1. Against the definition (loosely packed, with under 15 Cβ neighbours inside 10 Å and either within 51 Å of the chain's Cα centre (by Cα) or over 30 Å from Asp293 (Cβ atoms) (or both)), how does Arg7 come out, yes or no?
2. Quick test of your reading of the structure: Gln237 fulfils all but one of (1) in a strand (DSSP E or B); (2) surrounded by 15 or more Cβ atoms within 10 Å (Cβ to Cβ); (3) not aliphatic (A, V, I, L, M). Name the failing condition by number.
3. Within the stretch 297-351, can you find the residues that are in a loop (DSSP other than H, G, I, E, B) and modelled with pLDDT of 85 or more?
4. Answer yes or no as to whether Leu268 is surrounded by 16 or more Cβ atoms within 10 Å (Cβ to Cβ), farther than 30 Å from Gly113 by Cβ, outside the structural domain of His183 (by TED's automatic domain parsing) and free of Cβ contacts under 8 Å to residues at least 40 places away in the same chain.
5. Counting only residues that are farther than 19 Å from Leu107 by Cβ, crowded, with 16+ Cβ neighbours inside 10 Å and not hydrophobic (A, V, I, L, M, F, W, C), how many does the stretch 350-404 have?
6. Is one or more of the residues making up the stretch 248-256 surrounded by 13 or more Cβ atoms within 10 Å (Cβ to Cβ) and in contact with a Cys (Cβ under 8 Å, 6 or more places away or on another chain)?
7. Give me a count of the residues in the stretch 164-212 that are of a type in the set (Asp, Glu), more than 15 Å from Tyr228 (Cα to Cα) and either assigned to a strand (DSSP E or B) or not assigned by TED's automatic domain parsing to the domain that holds Asp151 (or both).
8. Out of (1) over 38 Å from the mean Cα position of the chain (by Cα); (2) assigned to a loop (DSSP other than H, G, I, E, B), the odd one out for Val127 is which?
Amino acid sequence: MADVTCRRELDLEIPAAEVQKAIERVAREFARIARVPGFRPGKAPIPLIRRRFADDIKGEVLQSLVPEQIDKAVKDQKLIPITQPHVDHVEYAEDRPLKFRASFEVLPEFELGAYKGLQVEVERAQVSDSDIEKTIEAMRERAATFVPVEDRALESGDYAQLKLVGTPLGGGEPLKADNVLCHLGAEETLEAFTQNLIGAKPAEQRRFEVEYPADYPDRKLAGKKFVYNAEVVAVKQKKLPDLNDELAKDVSDAKTLEELRGKVRQDLERELEAHHAAAVRDAVLAKIVAAHDFPVPEALVENQMDVRLERAVRSLAAQGVDPRAVNVDWVAMRRRQHPRAVEDVKAELLLDRIASAENIEVTDEDMDREISRIAERSGESAPVVRASLTKQGALDRMRSKLRSEKTLEWLQKNTEVKTREPERS
């Protein structure tokens, strides 16, 4: 491999005659509009203008000559820049050639190796009765109710309904909550709450200290010590609904428990099918990427690292977690994305080359279908979605994404896929 990076540095030179011609042209423009004390507008001598506005003229000359020279050099060398050129090492004088260096990243050049007729092997799991029962059990958990327990104190495993006031030691805003459900003895419950509330009865108050660990997810509490005054409002227990036809009606549109099991099986099979298709795509891409060795532009890798980090943040937000409150070293997390980001960029570059080699293109009908799908999900009309995407400049990105997806589908059809049973733990 000749080039180990995608960075290019071009040492360029513009003849002195061209530079002189540009200086004279710019100086005449300045003379036409410049206001110089002692001279009417447009009447100041050119030599005076060149001395008085030397720095401004130099800036204009560089701005007009440098980009043009870079464009010419890029075309002559058949390079495809993907970053704006950085210009330095400038040597400028009125009676000498203009010399400078232009640095930028380019798309890599590489020979396309084998990409069709490949073989991959992926796991293919089956939906078991156990999987179905676990899913239905999760539905029961979500449909559970909390019922009061009369005439006894709190025990481990109970849910304490509390009215809480927490005062931070050392001063600060107190925490207040009129209706908190605390699961005593549970893994997610701080030990101090369990220890101090067991044995308490409704209407009883308990006062105790809680020291939050330094890595506690809520940064307002992390590493701090609070004094809590907790009033027990009620002792409650979780009551799961009975496993019967009524449960099926409550948690779904099924009329019987057996019908619910059938629907759950169908849903799980669809999920497994989607998981299997994704696994095949990943395996095909991984095999193609592993068979090609070429450098990738660091600018594209940096962009992909940002995309991966944004995906992680969105995932947390979708789970109801405030990304700003979790104890995550985002800088370290972004750095850890680098190897995967390199693979992502290589995969996209390879898909683009394969699409060109196989004449795979996105038609207007493909774009219309995708816009209609987006419109259906968002509840807006297709013309409104198209106008919004056009305004955002996102149509080209969408076309590129669809082209990659079509290429992946083509690759799957031209790959022999073998399946294996998942390993049992």
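The values are calculated or read from the model by the stated rules, or taken from the named source; none is laboratory data. In this text, all values refer to a predicted model and were calculated from it rather than measured experimentally. Heads up, the Cβs are rebuilt from the backbone with ideal geometry, glycines too, and the neighbour counts pull from every protein chain shown.
1. For Arg7, the condition - loosely packed, with under 15 Cβ neighbours inside 10 Å and either within 51 Å of the chain's Cα centre (by Cα) or over 30 Å from Asp293 (Cβ atoms) (or both) - is not met.
2. The number of the failed condition is (2).
3. Correct list: Pro297, Gln337.
4. no
5. 3
6. no
7. Number of matching residues: 0.
8. Condition not satisfied by Val127: (1).
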